[in-house]
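Only one structure is covered here, and it is reproduced in the block below.
The values are calculated or read from the model by the stated rules, or taken from the named source; none is laboratory data. Please read all numbers here as calculations on a predicted model, not as lab measurements. Heads up, the Cβs are rebuilt from the backbone with ideal geometry, glycines too, and the neighbour counts pull from every protein chain shown. Side chains included, ligands, DNA and RNA excluded: accessible areas come from the protein's heavy atoms. Shrake-Rupley method; radii C 1.70, N 1.55, O 1.52, S 1.80 Å.
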Amino acid sequence: SSFDLPAAGPFGLTVRYAPEPDDPGAFYILYQAVATPLHQEHVIAHELGHVLARHPLKTVRDLAEIDPQDSGGALRRTSYTTGIEREAETIATLLLGSAAARSGVALPSASDRARSVQRALGDRVDWL
């Protein structure tokens, strides 16, 4: 199935798909196709934050029930004004920071400014 979140709407949507009442289900994370790859990664990490924090999510029995235009109880990120959204954003920041540290992200050393920042920060990851 294909879902299209409108560009003018929320960036991400998470639902739990469980076709049977006793089925533990699977989580579907949707995001805008028009977003940049970096933004898509952030949205996915944020939505995963909702799953990891066990925030209440809409459960659907049929994938046709997913309506990107209607939140219908699903968590849709448009701001961080609630504790749930702030918690999901904190988890996303931790996930992405940890992933960057583990992948050995390094600053390019092509410029004097980049080398200066690299010297100042070194290979520290503890501040992430």
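The calculated FRET efficiency for the pair Ala26 and Ala101, based on their C-beta separation and a Förster distance of 35 Å, comes to about 0.75. For region 21-65, the per residue solvent-accessible surface stands at 61 Å², with DNA, RNA and ligands left out and a 1.4 Å probe.
In plain terms, the chain from His55 to Ala7 could stretch by 14.8 nm, reckoned as 0.36 nm per residue minus the Cα-Cα distance. Amide H to amide H distances under 5 Å link Phe27 with Tyr17, where only residues 5 or more positions off or on other chains count and H is placed in the peptide plane.
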